[in-house]
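Following: one structure in structure tokens, then a few remarks.
The values are calculated or read from the model by the stated rules, or taken from the named source; none is laboratory data. Bear in mind the structure is a predicted one, so any value in this text is a computation, not a measurement. In this analysis, Cβ positions are derived from the backbone assuming ideal geometry, glycine residues included, and neighbour counts consider all displayed protein chains. Side chains are part of the model used for accessible areas, which takes the heavy atoms of the whole protein and leaves out ligands, DNA and RNA. Shrake-Rupley method; radii C 1.70, N 1.55, O 1.52, S 1.80 Å.
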Amino acid sequence: MKIVNICLAGSFNYGWGYQDNLISKYQHKNGNDVTLITTRFINDKKGDGYLEVPAEIKFDNGVKVIRLEHGLGRRATKLFRHYRGLYKTLKIEKPDFIFIHGLQFLDILYVCKYLRENSNVSCCVDNHADYTNSAKTKFSYFIHKTLWRYCAMQINKYASVFYGVLPIRCDFIKDMYGISADKIELLAMGADDELLEIGKKKIQKIRRILNITEGDFVIITGGKIDIFKSETISLMKAVNEIENENIKLLVFGSIAKELEESFNAQLSEKVKYIGWLDQKEIYNYICASDLGFFPGRHSVIWEQIVASGIPCVFRRLPKTDHIDIGGNCLFLEDGSELEIKKTLKDVLRKDIYIELKKRSLSPRRNEFLYSQIAQKSIKDVQKVQSNK
């Protein structure tokens with residue numbers, strides 16, 4: 001079918017491993033004609049500030065990417081998310097199915113107009129907002145509770161399914177926007193099938209590069225290491241203090257300036273910083289590891305690790321139980337240095353690790369592959385449509 005993905009609630013980065021990139025990539029690989037309509041905004045290398053590219057049409061993983069011109073000045077466009085030409089572009093593309101990534105953009109009203117005039121077109125909406133990344137100030141809360149709630153109510157007339165990419169983000173759709181719970185489902189983030197398979201073929205090469213011997217036990221952690229993930233330093237300290245020279249901890253990602261001194265103090269023969277990694281490299285290093293250990297805030301790397309079939313340790317956070325596929329992981333309750341050290345010692349016990357490894361290879365890990373996630377989104381909408 002002809003699928004149009006609309007990503008006007010934020011930025012879009014060519015070649016990145018974000019959900020909007022990979023959903024559209026695997027929609028295309030599953031045999032569909034796929035277009036993605038987005039903004040001129042991209043992120044800088046660390047994923048922080050907004051940069052800009054021209055309004056243009058390019059291809060990314062076989063997907064036609066159309067970037068629309070700002071509809072207002074740069075600052076106003078970022079706030080209200082109004083662009084030029086969305087309705088006209090939809091009329092040209094003639095989609096059978098529209099996947100809206102993030103409903104927080106004013107031009108969703110043009111999508112409603114198109115769907116009203118083309119009742120045969122299916123639609124679903126996903127949500128990446130929750131109370132940790134959105135509605136944190138009085139002004140932001142007001143915008144979500146009024147403007148974006150209004151947009152949600154309008155698209156609700158046409159959308160078959162509303163997805164949250166985390167359970168807590170499903171709750172946000174219901175509580176903030178007033179969408180009925182029976183229209184909300186979880187569509188978890190996950191891993192790029194292709195990059196995962198490539199990573200599995202490079203295990204020995206990566207371990208040779210890192211001078212890892214057959215008897216070494218490799219732990220991986222990382223991401224954006226800032227004040228919300230300062231527990232990473234506690235993990236580094238715990239690895240250094242455990243009297244086992246075969247434990248190797250690999251840390252990747254960006255380090256916040258205020259943590260640099262304490263971070264560097266923990267680097268050693270056992271704790272190695274491998275720098276900022278692109279998506280391909282992340283999969284290579286995940287596959288070369290024996291354990292994922294993430295004691296801080298959630299990131300999509302959690303779902304990627306689960307998809308890889310590698311045992312994990314995660315911080316227990318509200319509404320993140322979906323990553324437990326039947327005993328593949330252990331959870332930290334408070335993330336303290338003492339708890340991290342104790343949990344590490346437990347995992348290093350042969351009987352516990354073997355059981356974790358066995359459960360990590362459950363077929364349920366495939367639910368976190370984007371080939372499956374992309375198919376699920378289409379099947380869910382088709383199911384709703386057939387029941388009408």
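Mind checking which residues of the stretch 218-276 are closer than 22 Å to Val300 by Cα, of a type in the set (S, T, N, Q) and open to solvent by 30 Å² or more (accessible area, probe 1.4 Å)?
Ser230
Checking the condition of a type in the set (A, V, I, L, M, F, W, C) and not in a strand (DSSP E or B), which residue from Ile23, Ile6, Ile66, Ile37 passes?
Values: Ile6 fails: not in a strand (DSSP E or B); Ile66 fails: not in a strand (DSSP E or B); Ile37 fails: not in a strand (DSSP E or B).
From the options Ile23, Ile6, Ile66, Ile37, the qualifying one is Ile23.
Checking Phe59 against (1) open to solvent by 10 Å² or more (accessible area, probe 1.4 Å); (2) in a loop (DSSP other than H, G, I, E, B); (3) aromatic (Phe, Trp, Tyr): exactly one of these is not met. Which one?
Of (1) open to solvent by 10 Å² or more (accessible area, probe 1.4 Å); (2) in a loop (DSSP other than H, G, I, E, B); (3) aromatic (Phe, Trp, Tyr), only one is false for Phe59: (2).
Hey, can you tell me all the residues within the stretch 33-50 that are open to solvent by 10 Å² or more (accessible area, probe 1.4 Å) and either at pLDDT 95 or above or among the charged types (D, E, K, R) (or both)?
Passing the criteria: Asp33, Arg40, Asp44, Lys45, Lys46, Asp48.
Listed residues Ser299, Ser360; which is open to solvent by less than 30 Å² (accessible area, probe 1.4 Å) and over 19 Å from Asp226 (Cα atoms)?
After applying the criteria, what remains is Ser360.
How many residues, within the stretch 262-308, are under 16 Å from Tyr370 (Cβ atoms) and in a loop (DSSP other than H, G, I, E, B)? Walk me through it before giving the result.
Let us first name the residues in the stretch 262-308 that are under 16 Å from Tyr370 (Cβ atoms), namely 279-280, 282-283, 286, 300-308.
Still in the list and also in a loop (DSSP other than H, G, I, E, B): 300.
The total comes to 1.
Restricted to the stretch 335-345, and to residues that are touching a helix residue (DSSP H, G or I) at 6+ places or on another chain (Cβ under 6 Å) and over 13 Å from Pro311 (Cα atoms), which residue is surrounded by the fewest Cβ atoms within 10 Å (Cβ to Cβ)? If you could, list the steps in order and put the result at the bottom.
Restricting attention to the stretch 335-345, the residues satisfying the condition of being touching a helix residue (DSSP H, G or I) at 6+ places or on another chain (Cβ under 6 Å) are 335, 337, 340-341, 344.
Among the residues that remain, those that are also over 13 Å from Pro311 (Cα atoms) are: 335, 337, 340-341.
Values: Gly335: 21, Glu337: 15, Ile340: 24, Lys341: 17.
Among them, the one singled out is Glu337.
Inside the stretch 167-195, can you point out the residues that are more than 21 Å from Lys379 (Cβ to Cβ) and under 17 Å from the mean Cα position of the chain (by Cα)?
Within the stretch 167-195, Ile168, Phe172, Glu194, Leu195 qualify.
Which numbered condition trips up Lys319, out of (1) part of a loop (DSSP other than H, G, I, E, B); (2) open to solvent by 10 Å² or more (accessible area, probe 1.4 Å); (3) free of Cβ contacts under 8 Å to residues at least 60 places away in the same chain?
Unmet for Lys319, out of (1) part of a loop (DSSP other than H, G, I, E, B); (2) open to solvent by 10 Å² or more (accessible area, probe 1.4 Å); (3) free of Cβ contacts under 8 Å to residues at least 60 places away in the same chain: (3).
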